[in-house]
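S.K.: Next up is a structure, given as structure tokens.
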Amino acid sequence: MDAPPPPSLGAALAQTLLTLAAVCALAWWALRWVARRGVGRSPAGVITVVDRVALDPRRSLFVVRVAGKALLLGGSDGGLALLSELDPAALIPPEPAAKDAAS
């Protein structure tokens with residue numbers, strides 16, 4: 001019995017590219033599905049990011065509501081730091097139209 005001839009370089013390249021495309025499509029679909037299901041979000045809405053301002057590509061300020069408190073957090077490559085506790089009543093809720101446009 002003779003062994004089948006090895007596939008040509010072109011056929012092997014085409015098979016590799018098709019497999020890579022299939023894996024990328026599957027990963028894209030899985031990420032979209034997970035995002036729609038809300039994975040990674042607070043289930044009861046206990047933690048809400050009210051606003052975020054980028055100071056530069058590596059530093060941002062966040063206003064976060066958690067457990068009835070409003071916190072100003074600073075974020076950088078080094079992590080998050082609590083900068084101040086704010087008055088929750090002084091925060092203006094975002095307009096629904098602006099929130100929907102951002103989605």
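S.K.: Work through the residues other than GLU85 whose Cβ is under 12 Å from its Cβ and net out their charges, Lys, Arg +1 and Asp, Glu -1. Numbers along the way, then the final one.
M.R.: Numbers: positive: ARG65, LYS69; negative: ASP87.
Residues close to GLU85 contribute a combined charge of +1.
S.K.: What is the sum of charges around ALA30, taking Lys and Arg as +1, Asp and Glu as -1, for the other residues whose C-beta is under 14 Å from the C-beta of ALA30?
M.R.: Working: positive: ARG32, ARG36, ARG37; negative: none.
Residues near ALA30 contribute +3 overall.
S.K.: Please give the peptides 26-34, 55-63 ranked by average Cβ packing (other Cβ atoms within 10 Å per residue), highest first, as a rough proxy for protection.
M.R.: Working: 26-34: 10.2, 55-63: 12.1.
Ranked by mean Cβ neighbours within 10 Å, highest first: 55-63, 26-34.
Rule-based calculations on the coordinates, nothing more; no lab input. Quantities reported herein were computed from a predicted structural model and do not represent experimental measurements. Cβ coordinates were reconstructed from backbone atoms using ideal geometry, including for glycine residues, and neighbour counts include every protein chain displayed.
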